[in-house]
Amino acid sequence: MKQTTSLWKIALLLASMIAAPSAMARKISTRIPSKDTEDSQSVMIKGSQAISTDCQTCGDGYSLTDIGFSGYDKKATSDKESFFVTNRSDRTLTGFSLYIIYHSAADTSLQLHRRWVHVSCEIPPGETQKVDISSWDKQKSFHYHLSPPSRRRQSTPYGVRFDPVTIYLRFK
């Protein structure tokens, strides 16, 4: 008799442990904000063809080599990076995605950082435009090795490599 009562108590205790958390749990509602505007990724794609290959015969005669990067700059005191993009194709460049690889200026095999960047733009055929993006260096302790170092603070020189992944060309 005593053993049966103990078993019932254990069963009730287990049942209350299983049921109690769900009955007593706080309900939290999370709202995901809706976007009324289109993001830059969809704007790049609308009316454009994505080219993601270096193969000239694979992308209707277009490849990732149809754009070029030059003139990179980032001072130690700056929170922006800038560079020039040249559209070598016969179509309007509406955007691109690339990896920017940051490496030591002294040893190019020493990678400091790598990031994925999406840029929406309108660069007509044969033209070059300057692009500004926010810097990876939030503490402002690095400077591009071809940019002048800061006179006020010590900074470490670095180099960059651009690795384009996708370009968007508008077809009319």
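Residue by residue through region 68-88, note down the ones that are open to solvent by less than 10 Å² (accessible area, probe 1.4 Å) and touching a Pro at 6+ places or on another chain (Cβ under 8 Å).
Within region 68-88, the subset open to solvent by less than 10 Å² (accessible area, probe 1.4 Å) is 68, 74, 76, 81, 83, 85, 87.
Matches in region 68-88: Ala76, Asn87.
Yes/no matrix, rows are residues, columns are (1) part of a loop (DSSP other than H, G, I, E, B); (2) touching a Gly at 6+ places or on another chain (Cβ under 7 Å):
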{"position": "Val119", "(1), (2)": "no, yes"}
{"position": "Lys130", "(1), (2)": "no, no"}
{"position": "Lys138", "(1), (2)": "yes, no"}
{"position": "Pro149", "(1), (2)": "yes, no"}
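A single member of Ser134, Ser141, Ser155, Ser120 is more than 23 Å from the chain's Cα centre (by Cα) and open to solvent by less than 70 Å² (accessible area, probe 1.4 Å), and it is Ser155.
When Ser97, Ser147 are screened for being open to solvent by less than 60 Å² (accessible area, probe 1.4 Å), more than 25 Å from Asp60 (Cβ to Cβ) and either touching a strand residue (DSSP E or B) at 6+ places or on another chain (Cβ under 7 Å) or not aromatic (Phe, Trp, Tyr) (or both), only Ser147 passes.
Looking at Ala106, is it in contact with a Pro (Cβ under 9 Å, 6 or more places away or on another chain), open to solvent by 30 Å² or more (accessible area, probe 1.4 Å) and of a type in the set (A, V, I, L, M)?
Numbers: in contact with a Pro (Cβ under 9 Å, 6 or more places away or on another chain): yes; open to solvent by 30 Å² or more (accessible area, probe 1.4 Å): yes; of a type in the set (A, V, I, L, M): yes.
Yes: the conditions hold for Ala106.
Just wondering, is there one or more residues in region 103-114 that are closer than 28 Å to Ala50 by Cβ, of a type in the set (A, V, I, L, M, F, W, C) and not in a loop (DSSP other than H, G, I, E, B)? There is no residue in region 103-114 that is closer than 28 Å to Ala50 by Cβ, of a type in the set (A, V, I, L, M, F, W, C) and not in a loop (DSSP other than H, G, I, E, B).
Does at least one position in region 131-152 carry a residue that is polar (S, T, N, Q) and under 24 Å from Arg91 (Cα atoms)? Can you show your working first?
Restricting attention to region 131-152, the residues satisfying the condition of being polar (S, T, N, Q) are 134-135, 139, 141, 147, 150.
With the extra rule that they be under 24 Å from Arg91 (Cα atoms), the set shrinks to none.
No.
The values are calculated or read from the model by the stated rules, or taken from the named source; none is laboratory data. All values reported here derive from a predicted model rather than from experimental measurement. Cβ: placed from backbone, ideal geometry, glycine included. Neighbour counts: every protein chain shown. Keep in mind that these areas ignore ligands, DNA and RNA; they rest on the heavy atoms of the full protein, side chains included. Shrake-Rupley method; radii C 1.70, N 1.55, O 1.52, S 1.80 Å.
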